[in-house]
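S.K.: Here's a structure for you.
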Amino acid sequence: MKRLLATTAFLAVAVNAQAADLPAKAPYLKAPVAMVYDWTGFYLGVNAGIGVGRNNHTLTFPGFPSFEQSYLSPFGALGGVQAGYNWQTNSMFGPLVLGIEADIQGAGLRDDTTCLLTCRAVPDTSGRFDQRIDWFGTVRGRAGFANGPVLRYFTGGFAYGNVKTSITENMPLAGFPATFTSNQTRVGWTFGSGVEAALGGNWTAKIEYLYVDLGNKRDTFALGGFPQTLDSEIRQNIYRVGLNYRIGGTGAYAPLATANWTGFYLGGNFGSATARNETSLAVLGTNERFTLAPEGKIGGVQAGYNWQAANFVLGVEADIQGSTQKDNRTCVVNCQGANGTFANYDAKLPWFGTVRGRLGYSAGPTLLYATGGYAYGSVKTNINSAFLNGPVASRFSETKGGWTVGAGIETPATLFSFFGPNWTSKSEYLYIDLGSTSGIIADPGGPAVSTTKVTEHIFRSGLNYHFNSPVVAKY
């Protein structure tokens, strides 16, 4: 028995010693589960951008068969704050996000360049316009579909703002100068679209376009004994970027690994464009100054190549666009119909293109970028006029070159599962300056010179197909 116990003890010690020589087994750990991004919750934020007015106005003299019609285009910077709440729920098309947002904006939007009613230098016979929008705000609903940390949405609702308009007329023979001023808080509606993307933690960034309609107004007044009526449309195009801090939802969200943007891509786009073309017409000793505002839809194709270093992306892109932009409502120089002196404008921008560099930063699957470079396009202006010796039809067409600058957001495109991993979608704003163009109206009573400075504001969205490895996270 003693010998058996000794043998058993020896074997136990040997087994334990052999087990001690074996490598320790690692504990079992479950693979980490990717956090699902949830847009539900409150948020606060700030924004900055620009506004471009397209406010058609008609100044009529009821006692005379004459009028002047053109666009006032208050333009300038804006900035403000916003607050809102989102609800995220499931739908047959994927995660649906519904929300409400309110914002208030300070603005420096102004047009003080318009001068009508002949604008003679000697004597100073003129009607000078000054229109300003110092502040405005909106209360809007938002609805969109979320692709994880990226939300594409439409928005619309109530808008309000302060509009100041003054006309100073200087006609010495009639006992002028005199000024009429209107200062009103207007209400109306707004709609638009945007893209918002998570940056990490509680922070998100967005790019957004809003069309703001503050209605039509009529002002009746008399200056120097002359009764007059001013009919105005108040319309603004707002382009802005913003930064939001989310309270609730997935506040601890960390961005996915940086996406792979390197390689060639091709795509298409669609959007809208508004021109703000400051124009002068020198004829018969006058120099009327006004704004042509061709507006319309645009669509086209783009191609580019990206190089990537860590999170930074450098690229080059070229695009060509067709456009329906048109302004055929402007009539200046004492319009009196077929029997008076007048100049009716029909301005078009039928196509344009750009060749740009892009510099961006990839926050997970989202690319935030700035862009700028060369721009070119067709400028067409038709003028039907009658000055001293009957009607004249003038046609001017020129291809102009200039420059462009802008910014955008590009993200994976998996909406409704229609697109594969090689597809991305983008939304961007571009400002385009095509310089100045001039034309001479060969009127028998003497030549007239029309000069226009051509600038455009573009907001568009598009899809890109990347030929490299799919635009997914690098692990």
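The values are calculated or read from the model by the stated rules, or taken from the named source; none is laboratory data. Since the structure is predicted, the reported quantities are computational estimates derived from the model, not experimental observations. No Cβ is skipped: glycine too gets one built from the backbone with ideal geometry, and neighbour counts run over all protein chains shown. Keep in mind that these areas ignore ligands, DNA and RNA; they rest on the heavy atoms of the full protein, side chains included. Shrake-Rupley method; radii C 1.70, N 1.55, O 1.52, S 1.80 Å.
S.K.: Using only protein heavy atoms and a 1.4 Å probe, report how much of residue 112 is accessible, in Å² to the nearest 10.
M.R.: Rounded to the nearest 10, that gives 90 Å².
S.K.: Counting Lys and Arg as +1 and Asp and Glu as -1, what is the net charge of the other residues whose Cβ lies under 14 Å from the Cβ of residue 297?
M.R.: Surrounding charge for residue 297 is +1.
S.K.: Just to confirm a number: summing +1 for Lys and Arg and -1 for Asp and Glu over residues other than residue 55 whose beta-carbon lies under 9 angstrom from that of residue 55, what do you get?
M.R.: Around residue 55, the surrounding residues sum to 0.
S.K.: Report the local net charge at residue 331: Lys and Arg +1, Asp and Glu -1, summed over other residues whose C-beta lies under 12 Å from its C-beta.
M.R.: -3
S.K.: Please tell me the relative contact order of the range 265-340 in percent, rounded to the nearest whole number, where contacts are Cα pairs under 8 Å and at least six residues apart.
M.R.: It comes to 29 percent, rounded to a whole number.
S.K.: Let me ask something else. Rounded, prolate or oblate for the range 294-360? Axes are the square roots of the Cα gyration tensor eigenvalues, ordered a ≥ b ≥ c, and the cut-off for rounded is a/c under 1.5.
M.R.: Cα axes put the range 294-360 in the prolate bin.
S.K.: Among the listed pairs 164/217; 326/453; 206/400; 297/426, which are separated by more than 23 Å between their Cα atoms?
M.R.: Over 23 Å apart, Cα to Cα: 206/400.
S.K.: If we sort 189-199, 296-306 on the protection proxy, mean other Cβ atoms within 10 Å, highest first, what's the order?
M.R.: Sorting 189-199, 296-306 by mean packing, highest first, produces 189-199, 296-306.
S.K.: For Cα pairs less than 8 Å apart in space and 6+ apart in sequence, what is the mean separation divided by the residue count of the range 324-408, i.e. the relative contact order in percent?
M.R.: 27 percent
S.K.: Read phi for every residue in the range 140-152 and hand back ³J(HN,Hα) as whole Hz from Karplus 6.51 cos²θ - 1.76 cosθ + 1.60, θ = phi - 60°, with x for Gly and Pro.
M.R.: 10, x, 10, 8, x, 10, 9, 10, x, x, 10, 10, 10
S.K.: Taking the Cα-to-Cβ direction at residue 374 and at residue 399 and moving 7 Å from each Cα, how far apart do the two end points lie in nm?
M.R.: 1.2 nm
S.K.: Within 10 Å, count the other beta carbons around each residue, average over each peptide in 104-110, 458-464, and list them highest first.
M.R.: Top to bottom by mean Cβ count within 10 Å: 458-464, 104-110.
S.K.: Sticking with this structure for a sec: Sorting 152, 235, 128, 246 by accessible area (1.4 Å probe), largest first, what list results?
M.R.: The residues order as 128, 152, 235, 246, largest area first.
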